[in-house]
1. When residues of the range 11-39 are filtered for being over 19 Å from Cys131 (Cα atoms), within 15 Å of ligand 3 (Cβ to nearest atom) and either of a type in the set (Gly, Ala, Ser) or outside any helix (DSSP H, G or I) (or both), how many remain?
2. Which of the residues spanning the range 49-65 are more than 16 Å from ligand 2 (Cβ to nearest atom) and either in a strand (DSSP E or B) or open to solvent by 30 Å² or more (accessible area, probe 1.4 Å) (or both)?
3. Kindly establish whether Glu94 is open to solvent by 60 Å² or more (accessible area, probe 1.4 Å) and within 14 Å of ligand 1 (Cβ to nearest atom).
4. Does at least one position in the range 84-99 carry a residue that is touching a helix residue (DSSP H, G or I) at 6+ places or on another chain (Cβ under 6 Å) and within 16 Å of ligand 2 (Cβ to nearest atom)?
5. Give the residues of the range 188-219 that are part of a strand (DSSP E or B) and not aromatic (Phe, Trp, Tyr), sorted by residue number.
6. Which of the residues that make up the range 169-228 are exposed (fewer than 13 other Cβ atoms within 10 Å of the Cβ), within 14 Å of ligand 3 (Cβ to nearest atom), in contact (Cβ under 8 Å) with a residue 12 or more places away in the chain and under 17 Å from the mean Cα position of the chain (by Cα)?
7. If Glu157 satisfies every condition in (1) more than 16 Å from ligand 3 (Cβ to nearest atom); (2) in a helix (DSSP H, G or I); (3) open to solvent by less than 70 Å² (accessible area, probe 1.4 Å) but one, which is the exception?
8. Pull up the range 1-48, narrow it to residues that are β-branched (Val, Ile, Thr) and open to solvent by less than 30 Å² (accessible area, probe 1.4 Å), then point me to the one that is farthest from ligand 1 (Cβ to nearest atom).
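The values are calculated or read from the model by the stated rules, or taken from the named source; none is laboratory data. What you are looking at is a predicted structure, and each value in this text was computed from that prediction instead of being measured. Positions of Cβ are generated from backbone atoms using ideal geometry, with glycine treated the same way; all protein chains shown enter the neighbour counts. For the accessible areas, the whole protein counts, side chains as well, though only heavy atoms, and no ligand, DNA or RNA atoms are used. Shrake-Rupley method; radii C 1.70, N 1.55, O 1.52, S 1.80 Å.
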Amino acid sequence: MVSKQVSPPLHVAVIMDGNGRWARKRGLPRLLGHKVGGENIRPVVKVFAGMGVKYLTLYAFSTENWARPRIEVAGLLRLLAGKVDRETRAFHKENVRLMHLGRLDRLPGKLGQRIEAAIELTRNNTGITLCLAFDYGGRDEIVRAVRDIVNDEIPPEKIDRDSFSLRLYTGGLPDPDLIIRTGGEMRLSNFLIWQAAYSELYFTPVLWPDFGQEEVEEALAKYQQRQRRFGNV
Ligand code: IPE
Ligand code: IPE
Ligand code: MG
């Protein structure tokens, strides 16, 4: 039970933080940090896939991030739209299966539908599953699941941990084995708060745009030294 990890984590989730500081350090506008951070996604997905990770979740925009200055929110939405339009084909070619965690109903125009189309296109791919958490919040997710249960008039005795988990955005996915946060903060910021119950946490001061192959390898090496006990001895 206390043996170290011999295989790579099945599911890694990353809080991609530090884009703004990366830009500010260089005297650049924050949005440029988001742009460079966005360009870092595809190479990092490749590295994780190459190391045997089967599910990768990336936190790109929280339910609380709508409170940022309007111009930054607009820029982030534009970057997301650009990624969906320009990178879906590339992900598809790389056999990546795309998923989305969070709300689609508050995204502007047809962006929600374009995301659904990308998910549909890549549905049967057998490579890494990439879940993009955009307009995602853990508390929002739990409240939405409770509402669904009440709406469906589920009898209380039918509600248990497994049936509840299935109603979350992550329903059917394994819980994250490892959660990585870049950018130096040591908190979850409303990310996967139900699913993280027994996740290993790894914090690094490296800012997201600088997080590359070496940092991935280091995080996975640290994970393999952890002893997971799940409450046992
Ligand atoms: C993370 O980078 C990306 C989003 C939250 C959208 P930040 O924008 O939070 O960067 P810092 O934390 O201000 O450096
Ligand atoms: C968390 O980062 C959300 C994402 C990385 C998408 P924040 O920058 O929003 O978190 P706080 O405000 O520092 O907790
Ligand atoms: Mg931040």
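1. Residues in the range 11-39 being over 19 Å from Cys131 (Cα atoms), within 15 Å of ligand 3 (Cβ to nearest atom) and either of a type in the set (Gly, Ala, Ser) or outside any helix (DSSP H, G or I) (or both): 4 in total.
2. Across the range 49-65, the qualifying residues are Ala49, Gly50, Met51, Lys54, Tyr55.
3. no
4. no
5. Listed by number, the residues that qualify are Glu200, Leu201.
6. The one that is exposed (fewer than 13 other Cβ atoms within 10 Å of the Cβ), within 14 Å of ligand 3 (Cβ to nearest atom), in contact (Cβ under 8 Å) with a residue 12 or more places away in the chain and under 17 Å from the mean Cα position of the chain (by Cα): Met186.
7. All conditions pass for Glu157, except number (3).
8. If we take residues in the range 1-48 being β-branched (Val, Ile, Thr) and open to solvent by less than 30 Å² (accessible area, probe 1.4 Å), then Val47 is farthest from ligand 1 (Cβ to nearest atom).
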